[in-house]
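The values are calculated or read from the model by the stated rules, or taken from the named source; none is laboratory data. Note that the structure is predicted; figures quoted are calculated from it, not measured. All Cβ positions, even for glycine, are placed from backbone atoms using ideal geometry, and neighbour counts span all protein chains on display.
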């Protein structure tokens, strides 16, 4: 580089070559593209998901490490990372559905997903039917000649309904339908839907996988290579590209996932159990409680029941608002899966796009409060909740 002028040398900086060792952590490849000595190699890299890296929208080494890591946890063949969880969901739905297709979804869905499905119906001519998440007979009865896809959530947001994945995915596979499962709440540590027959698993990596409330991202994992290539090609055109630094943060966070999930679940059990006995609480919605309608299905499918639950207060919405104003340790904030305990009012936040009838169908009331339990000491959390209820 000594023969070039300073202006040129500021552009073409030297690259270190590491010999005889390797970095312990995955490097951040913060670059929008890659250069080639051979143009045919560049063309090859832009034509397939496992080819040489060419352009950031087609792939990046840091991002691919995240895709491989999550795919490995889920037991899939490959993944497509996106810039958000809704980016992953929308990429899959838009890639696989066309006007005139029929989608079957479970009744209890995350508000953003439910809102997107409504837009598929109104804007793109996709028809939708809703069935209980645990009823394969209802699923089979809803199938039409134009049915293309079945959409499920392992643990539903926010009321904790658990899908009977072996039964529902079994029906879908027997009938030649693609099954998509949102596994964000369960994580691959509590459930791996591909092992139960799912074709695609989606995640908001924003949540438990990254785990520190400092990144937004999404992931779709595929059980089949052909399906992966189809969605990968569509994603390149749609452009939900993740940032390499966000992918690196997610990789770093995943290293403590097992430790965090153990504490999330244990803390949730204590809070849900005590709240169920509190006189100000009319109901607690967590699949680990015998009172929950998904208790039996969850017991067969999951080794533990996750770190999110909801509860209803006797005083309705005014009581819920008073509770959220009164907490001192828990934070009133959106999202979930971080180390902090967060609470929100689903009817006006995560599920705000739903009508009153749709909220009722999901079981969400005006006094429902959702809790995403963190990893603080459980007794400190309980003391905070108890004083807020009082």
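General observations
- Against the test of being in a helix (DSSP H, G or I), outside the structural domain of residue 158 (by TED's automatic domain parsing), crowded, with 16+ Cβ neighbours inside 10 Å and in contact (Cβ under 8 Å) with a residue 24 or more places away in the chain, the options 283, 272, 266 yield a single qualifying residue, 272.
- Test for residue 190: is it surrounded by 18 or more Cβ atoms within 10 Å (Cβ to Cβ), within 24 Å of residue 309 (Cβ to Cβ) and in contact with a helix residue (DSSP H, G or I) (Cβ under 6 Å, 6 or more places away or on another chain): no
- Test: residue in the range 233-241 that is surrounded by 20 or more Cβ atoms within 10 Å (Cβ to Cβ), touching a strand residue (DSSP E or B) at 6+ places or on another chain (Cβ under 6 Å) and not in a loop (DSSP other than H, G, I, E, B): yes
- Matching option when the condition is out of contact with any strand residue (DSSP E or B) (no Cβ under 9 Å at 6 or more places or on another chain), modelled with pLDDT of 95 or more, closer than 27 Å to residue 191 by Cα and not assigned by TED's automatic domain parsing to the domain that holds residue 129, among 383, 378, 310: 378
- Filtered residues of the range 313-336 (kept if modelled with pLDDT of 95 or more and assigned to a strand (DSSP E or B)): 331, 332
- Filtered residues of the range 207-232 (kept if out of contact with any helix residue (DSSP H, G or I) (no Cβ under 6 Å at 6 or more places or on another chain), at negative phi, in a loop (DSSP other than H, G, I, E, B) and surrounded by 17 or more Cβ atoms within 10 Å (Cβ to Cβ)): 207, 216
- Residue within the range 317-334 that is within 23 Å of residue 152 (Cα to Cα), touching a residue at least 40 places away in the same chain (Cβ under 8 Å) and outside the structural domain of residue 249 (by TED's automatic domain parsing) present: no
- Every residue from the range 252-263 that is touching a helix residue (DSSP H, G or I) at 6+ places or on another chain (Cβ under 8 Å) and surrounded by 17 or more Cβ atoms within 10 Å (Cβ to Cβ): 254, 257, 261
- Put simply, of 337, 299 the only residue that is under 22 Å from the mean Cα position of the chain (by Cα) and on the phi < 0 side of the Ramachandran plot is 299.
- Residue within the range 106-118 that is more than 23 Å from residue 360 (Cα to Cα), outside the structural domain of residue 295 (by TED's automatic domain parsing) and at pLDDT 95 or above present: no
- The numbered conditions (1) without any contact (Cβ under 8 Å) to a residue 40 or more places away in the chain; (2) under 19 Å from the mean Cα position of the chain (by Cα); (3) part of a loop (DSSP other than H, G, I, E, B) are all true for residue 249 except (3).
- Residues that are touching a helix residue (DSSP H, G or I) at 6+ places or on another chain (Cβ under 7 Å) and modelled with pLDDT under 90, drawn from the range 337-351: 345, 347, 350, 351
- Within the range 7-29, the set of residues being modelled with pLDDT under 85, surrounded by 10 or more Cβ atoms within 10 Å (Cβ to Cβ) and within 24 Å of residue 243 (Cβ to Cβ) is empty.
- Unmet criterion (only one of (1) crowded, with 16+ Cβ neighbours inside 10 Å; (2) within 24 Å of the chain's Cα centre (by Cα)) for residue 320: (2)
- Checking each residue in the range 286-307 for being under 16 Å from residue 184 (Cα atoms) and buried (at least 23 other Cβ atoms within 10 Å of the Cβ) picks out 286, 287, 298, 305, 306, 307.
- Counted residues, the range 35-94 - those being assigned to a loop (DSSP other than H, G, I, E, B) and either farther than 15 Å from residue 239 by Cβ or without any contact (Cβ under 8 Å) to a residue 24 or more places away in the chain (or both): 17
- Scanning the range 142-180 for residues that are within 20 Å of residue 118 (Cβ to Cβ) and assigned to a strand (DSSP E or B) gives 147, 148, 149, 150, 151, 152, 153, 180.
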